[in-house]
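Structure first, commentary second.
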Amino acid sequence: MLKRLALFLTLISIQAFPQNIIAIRAGGVVDPVKGSVARNQIILVQDGKIKEIGPSLSIPAGATTVDLSHEWLCPGLMDTHVHLTLTEVTGGNAPFESFYLKESSTYRGLRGLRNAQDLLHAGFTTIRDLGNDGNYALEDVRRSVQAGMFDGPTILTAGKIIAPFGGQSTSIPPEQGPFWRYEYIDADTSEEMRKAVRQNIYYGVDVIKLVADNSPYHLSLDEVKAAVDEAHHAGRAVAVHVYGGEAADNVIDGGVDSVEHGFFLTDQQLQKMKAKGIFLVGTDTPRSQLDIVGTSGGIFPPPEVLAPKIINRLRRAYRVGVKMAFGTDTVIEVPNKTRADLMFDYLSVWREAGVPAADILKCMTSNPAELLRINQERGTLTPGLAADIVAMPANPLDDIESLRKINFVMKNGKIIRRP
Ligand SMILES: [Zn+2]
C-alpha cells in the first residue's frame, strides 16, 4: 500500500512539476570518444542527470528550453592536476615555503573556493587537486560545495603530499624544524608510508599523492608498493610526482595509477605504463610559463632545454599509446590572465606534439573520468550520467582552442552560465 502511495505521489510530482526538465536545443553535440559530431540534437536533463539525447525528441510541456542551436556542446572539462589553494610567488627571492608564514589555512581555503568557481565558470566541471592544500583546507571547500552552500566543480582532494623527509622543501635550517609538515607527511619506510596513507584517508581525501623524486634521494620500490597496497584496499587511486630515471621505474613497477609530470620518461618506461594501464598526467608546461617558473631552484634544466623535451615526451607518449589525462599544475599568476587562461595555454603543447583535437578532448573528459574512477557518473554525454555540459560557438574538433570560448556551463543539471 505504502509503495503504491509513493508511486502515485511520484507520478503526481512528475506531472505537476515538469519544469524540473531542461530541454537543450544543441547545434552540434561532440563525442570525444568517437571523434564525431551529431548535428541538431535535443538533450533532456532531469534531476541533474542526462535523461535522453536525440534528433527528434518531443519536449515535455512546461520544460525549460535552452536554445544552443548555434553552439557546439561537449562534456564538461576535467583537469586532473591542480592546486586550488596555492598561488606560488614567482620572481624575487621569496622561497617556496614563504606563504606558510603569510597565509592562514582559512585564507588558503577561500582562495581554493574562488579558484574552483573560476574554473567551473571557464568550463572545468571536475577537478582533481593534488595537494599543497593548507593543512586539509580543501577538504572543507569540497564539503561546502557538496552540501550546496556554493556552486563549484566536482573536486577530488589529495590532502597532504607524502614524500621522503623534507617534502618539497630544500635547505631549511634545522633550527626551523620540519614545518613543511603543514602540507607534507614524511615517509621514509614502508610502515611510515602505510601510516601516512591512513592519516590522509582519515581526514577525508579521495586520492593519495606521493612525491617520489624531488630530492637527491627517492622513494624505494617497497615504499611505493606499501602506499599502493594501503590506498587500493581503501578504494583510493595513487598519483605520483616523478620526473624519470630509477625513481620512475620504482613508481611504475610499484603499480601506481598515474605518473604526474614524467618529463624524462623513456619509451621503454612509457611502454611499461601502457602495459600496466598506468595513466600519464604530463602537466605539459608551455614555454611561456616555463620562462616564468625558471629552473625551480635547479630541479629543471633551463626553459629553452626543457620546453622541447616536454613536447617530445608528449609526442612519444601519444605514439606509444599510453593512457593520458589532461593536467596542468598551474599555480602562477600572470597579469591580465585568469588561471583558466593559463590552463588553456597548455593546449599549444598538445597541438605541437601532434595530438589530434578529438584525442585532446578525450584526455580532458572521458579519460580523466576513468582515472578518477567516476566514469560511471560523469565524463561523457550519456543518458543516466550527470549533466555536466559545456558549449561554445565553434566546433572544438576543428580547432581545440575553441575551448577558450566556452560560454555555457551546466553542472549537475544546474545552469552556471549561458550565452
Ligand atoms: Zn603539482
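Rounded, prolate or oblate: which fits the stretch 42-183, taking a ≥ b ≥ c as square roots of the Cα gyration tensor eigenvalues, rounded meaning a/c under 1.5, else prolate when a/b beats b/c?
It comes out prolate by the Cα gyration axes.
Based on Cα positions only, what radius of gyration and what Dmax would you give for the stretch 364-407, in angstroms?
Looking at the stretch 364-407, its Cα Rg and Dmax stand at 11.8, 31 Å.
So which of Lys209/Lys309; Lys34/Lys362; Lys323/Lys411; Lys274/Lys309; Lys195/Lys225; Lys34/Lys414 end up more than 18 Å apart, counting from Cα to Cα?
As for pairs spanning more than 18 Å Cα to Cα, those are Lys209/Lys309; Lys323/Lys411; Lys274/Lys309; Lys34/Lys414.
Give me the distance in nm between label points sitting 7 Å out from Cα along the Cα-to-Cβ direction at His233 and Asn336, one decimal.
A separation of 5.6 nm, rounded to one decimal place.
On C-alpha positions alone, give me the angle between the axis of helix 137-146 and the longest principal axis of the chain, in degrees, nearest 10.
Taking the Cα atoms of the chain, the angle to 137-146 is about 10 degrees.
Per residue of the chain, what 222 nm ellipticity follows from adding -39500 (n - 2.57) for every DSSP H run with n ≥ 4, rounded to the nearest 500?
Counting only the DSSP helices, I get -10000 deg cm²/dmol.
Please give the helix 105-122 orientation as an angle from the longest Cα principal axis of the chain, in degrees from 0 to 90, rounded to the nearest 10.
Helix 105-122 and the main axis of the chain meet at about 50 degrees.
Towards the positive end of the charge dipole of the chain, with charges on Cβ (+1 Lys, Arg; -1 Asp, Glu), say which of Ile208, Ala239, Thr80 has the farthest Cα.
Of the listed residues, the answer is Thr80.
Rounding to the nearest 20 debye, state how big the charge dipole of the stretch 77-371 is about its Cα centre with +1 on each Lys and Arg Cβ and -1 on each Asp and Glu Cβ.
Charge dipole, the stretch 77-371, about its Cα centre: 660 debye, nearest 20.
Can you classify the stretch 117-187 as rounded, prolate or oblate using the Cα gyration tensor, where a ≥ b ≥ c are the square roots of its eigenvalues, rounded means a/c under 1.5, and otherwise it's prolate if a/b beats b/c and oblate if not?
prolate
Take Asp291 and Asp398, extend 7 Å from each Cα along the Cα→Cβ direction, and tell me the distance between the two endpoints in nm.
Inter-label distance under the simple model: 3.1 nm.
Suppose a student asked you for the relative contact order of the stretch 77-371, using Cα pairs under 8 Å spaced at least 6 residues apart; what percent would you report?
Averaging sequence separation for qualifying contacts and normalising by length gives 18 percent for the stretch 77-371.
Taking Cα pairs under 8 Å and at least six residues apart, what relative contact order does the stretch 140-222 come out at, in percent?
The normalised contact order for the stretch 140-222 reaches 36 percent.
Using Cα atoms only, what is the angle between the long axis of helix 303-320 and the major principal axis of the chain, expressed in degrees (0 to 90) to the nearest 10?
60 degrees
Separation of the stretch 120-146 and the stretch 148-201 by C-alpha centroid, Å?
16 Å
Magnitude of the Cβ-charge dipole of the stretch 26-151, K/R +1 and D/E -1, about the Cα centre, nearest 20 debye?
140 debye
Please state the shape class of the stretch 77-371: rounded when a/c is under 1.5, otherwise prolate if a/b exceeds b/c and oblate if not, all from the C-alpha gyration tensor.
Rounded shape, in that the Cα axes give a/c under 1.5.
Do any trypsin sites (Lys or Arg not before Pro) in the stretch 30-112 lie in a DSSP loop with no more than 13 other beta carbon atoms within 10 Å, and if so, which?
Lys34
Values in this text are rule-based calculations from the coordinates and carry no lab data. Here the structure is a predicted model, which means the values were calculated and not measured. Cβ sites come from the backbone with ideal geometry, for glycine too, and all protein chains shown count toward neighbours.
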